[in-house]
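Right, one structure below, let's go through it.
The values are calculated or read from the model by the stated rules, or taken from the named source; none is laboratory data. Only a predicted model underlies this, so the values are computations on that prediction, with no experimental measurement involved. Note that each Cβ is placed from the backbone with ideal geometry, even for glycine, and that neighbours are counted across all protein chains shown. When the accessible area is computed, the model is the full protein with side chains, heavy atoms only, and any ligands, DNA or RNA have been set aside. Shrake-Rupley method; radii C 1.70, N 1.55, O 1.52, S 1.80 Å.
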Amino acid sequence: MDTDQKRQLAHTDDMGLTACAIRLRGARHSIGLAQNRLAEVAGVGATALQNMEAGRSFPSAPVMRYLFHEHRIDFNFQMNGMYAQLPGDVQERLF
């Protein structure tokens, strides 16, 4: 997959609610967790995570912290779609 395709899929430079929701759903799918399980391990309510993934709210700090500490998916990717700094295996799972 080339850089332009990755930028398009990651919605790079788009910090809107919809783009953040797409990236969050993609991150969750890449780590193989159900929505309720991610909510549980990140320490947020299931409804809160549903709202994040539906684009009604931005990803919360606990969710982003969990994704970074446990899966090396960082804030820059979650909020802005910047993927180049992600480890190669993480990028492979995401894309």
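For the reader, a short list of remarks on this structure follows.
- Among PHE95, PHE77, PHE58, the order of accessible area from largest down is PHE58, PHE95, PHE77, computed with a 1.4 Å probe on protein heavy atoms.
- Note that region 77-90 has calculated 3J(HN,Hα) couplings of 6, 4, 8, 9, x, 7, 10, 4, 7, 6, x, x, 5, 5 Hz, one per residue in order, obtained from phi through the Karplus relation 6.51 cos²θ - 1.76 cosθ + 1.60 (θ = phi - 60°); glycine and proline are x.
- FRET efficiency estimate (nearest 0.05) - Cβ-Cβ, ALA48 to PHE68, R0 25 angstrom: 0.85
- Helical runs assigned H by DSSP (4 residues or longer) give the chain a calculated mean residue ellipticity at 222 nm of -18500 deg cm²/dmol, each run adding -39500 (n - 2.57) before division by the residue total.
- Contact order for the chain, expressed relative to its length and based on alpha carbon pairs under 8 Å spaced 6+ residues apart, stands at 36 percent.
- Using alpha carbons only: equivalent-ellipsoid semi-axes of region 29-95, gyration tensor based, whole Å: 20, 13, 10
- Top of ALA84, ALA21, ALA39 by mean-square fluctuation, Gaussian network on the chain, Cα under 10 Å: ALA84
- Residue-normalised accessible area of the chain, expressed per residue, 1.4 Å probe, Å²: 54 Å²
- Computed magnitude of the charge dipole of the chain (debye, nearest 20; Cβ of K, R +1, Cβ of D, E -1): 240 debye
- Taking other residues whose beta carbon is less than 15 angstrom from the beta carbon of LEU24, and scoring Lys, Arg as +1 and Asp, Glu as -1, yields +3.
- Heavy atoms of LEU9: accessible area, 1.4 Å probe, square angstrom to 10: 100 Å²
- Amide N proximity, region 50-65 versus HIS29 label position 7 Å along Cα-to-Cβ, cut-off under 20 Å: 50-60, 64
- Each residue of region 31-40 was assigned a 3J(HN,Hα) from its phi angle through the Karplus curve 6.51 cos²θ - 1.76 cosθ + 1.60 (θ = phi - 60°); the sequence is 9, x, 10, 6, 4, 5, 5, 4, 4, 4 Hz, with glycine and proline shown as x.
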